[in-house]
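The values are calculated or read from the model by the stated rules, or taken from the named source; none is laboratory data. Computed from a predicted structure; not experimentally measured. Here the Cβ is made from the backbone with ideal geometry for all residues, glycine too, and neighbour counts use every protein chain on show. For accessibility, only protein heavy atoms count, side chains too; no ligands or nucleic acids. Shrake-Rupley method; radii C 1.70, N 1.55, O 1.52, S 1.80 Å.
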Amino acid sequence: YYFDFAANRTEIEHDRFQMTPATTVVYALHKALEIIERQGLENLLADYRSYRDYLMEQLPALGFRPVAEPGFAAPTVSAFWVPDGVSALEIMHRLRDEYNTAICTGFGPYLDKIIRIGHMGSVDMFDVRRVFHAIKDILGK
């Protein structure tokens, strides 16, 4: 269910609400749209693609394999199969505990076999390089 201001206009005008709308989400959307307007959507997407490309170039040297086929990787998140004998969960936990950095793993049978690194929003190349070097340190390479 998504809150629809237009559909609930009469109720709102009489201070009757079905629920408490997630106003913080509306404010966050407004802020994100301001950033897109200021920086330009194409510029942001170009940045995101450069972060993806950096990870696609660097992580295979450590034994990681991209999950996406060439040409199909998203510009905003990169997923990699971890090298044999390496735990995706351990990488995720160590990044969190030792580097104050959050990434995700896969789901279900891939929980300990895939890492997913988001590179959108308030992220820059320094952050992406920092994640790469932290993973490199964790692997002892």
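Below are the figures for this structure:
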| item | result |
| --- | --- |
| Residue identified as of a type in the set (K, R) and either modelled with pLDDT under 95 or in contact with a Pro (Cβ under 7 Å, 6 or more places away or on another chain) (or both) among R52, R94 | R52 |
| Cross-chain or 6+ apart pairs with Cβ under 7 Å, the range 114-141 first and within 14 Å of V82 (Cβ to Cβ), then aromatic (F, W, Y) | I114/F80; I114/W81; I115/F80 |
| Qualifying residues in the range 77-128 (those that are among the polar types (S, T, N, Q) and open to solvent by less than 40 Å² (accessible area, probe 1.4 Å)) - the one farthest from Q39 (Cα to Cα) | S87 |
| Matching residues, the range 1-53, being in a helix (DSSP H, G or I) and among the β-branched types (V, I, T) | T10, I12, T23, T24, V25, V26, I35, I36 |
| Failed item, numbered, when L89 is tested on (1) closer than 21 Å to R52 by Cα; (2) free of Cβ contacts under 8 Å to residues at least 24 places away in the same chain | (1) |
| Residue check, F72 closer than 16 Å to V131 by Cα and aromatic (F, W, Y) | no |
| Residues located in the range 100-134, provided they are in contact with a helix residue (DSSP H, G or I) (Cβ under 6 Å, 6 or more places away or on another chain) and in a helix (DSSP H, G or I) | V128, F132, A134 |
| Output for the range 57-76, where each listed residue is polar (S, T, N, Q) and either within 14 Å of V123 (Cβ to Cβ) or open to solvent by less than 40 Å² (accessible area, probe 1.4 Å) (or both) | T76 |
| Scope the range 29-57; condition within 16 Å of the chain's Cα centre (by Cα) and of a type in the set (G, A, S); matching residues | A32, A46, S50 |
| Filtered residue count, the range 5-56, keeping only those that are open to solvent by 80 Å² or more (accessible area, probe 1.4 Å) and touching a residue at least 40 places away in the same chain (Cβ under 8 Å) | 0 |
| Count of the range 57-94 residues which are of a type outside the set (D, E) and under 16 Å from L111 (Cα atoms) | 19 |
